[in-house]
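Each remark here refers to the structure printed beneath this line.
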Amino acid sequence: NYNLSYAWQHLTTNIDLNVSYGYTRTKALDLSSVYHGPSVGIGKKFLKDNKLSFMLNVSYLSSQDMILEFDQKGSILNTALTTDYQLTPVHRLSINWTNAFNRGAQSFHEQQGTVQYSMNF
């Protein structure tokens, strides 16, 4: 499993940027798989004291699975949008939306949304 990543934060404009490339290889007796690809994320903080933030992440993985003598290639495209609001110093509200496209032996399209309230003490 290898991962190369770079993160950049511009403090005066409150913009965050991250890029990465991952490589994962798994091998067992009659099974081997390789997943690799890039990921990019950009975020921005708003309002006084950066109470509101938005983050967009996009990743693409190329996959190759070999089971016995069967070779299956595919890809996975994931996008995620997150918004986060600091209600008070201890209360936070987050909303996340993800969209995944998986192409290969078992192709599917999945969407998921979550709303999260957290309190730190």
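The values are calculated or read from the model by the stated rules, or taken from the named source; none is laboratory data. Predicted, not measured: the structure shown is a model, and the values here were computed from it. Surface areas here come from the heavy atoms of the whole protein model, side chains and all, with no ligands, DNA or RNA. Shrake-Rupley method; radii C 1.70, N 1.55, O 1.52, S 1.80 Å.
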Margin query: Quick check for you: with a 1.4 Å probe and neighbouring chains kept, what is the accessible area per residue of the chain, in Å²?
Written below: 75 Å²
Check: For residue 71, what accessible area in Å² do you get when you roll a 1.4 Å probe over the heavy atoms of the protein chains, rounding to the nearest 10?
Finding: 80 Å²
Next item on the list: With a bin width of 10 angstrom, please list the P(r) values of the chain as percents of all Cα-Cα pairs, from the 0 bin to the one holding the largest distance.
Entry: 12, 31, 30, 18, 8, 2
Next item on the list: Using only protein heavy atoms and a 1.4 Å probe, report how much of residue 55 is accessible, in Å² to the nearest 10.
Entry: 50 Å²
Checklist line | Difference of contour (0.36 nm per residue) and Cα-Cα distance, residue 2 to residue 42 | finding: 12.2 nm
Next item on the list: Heads up, I need the accessible area for residue 15: 1.4 angstrom probe, whole protein in place, Å², nearest 10.
Entry: 50 Å²
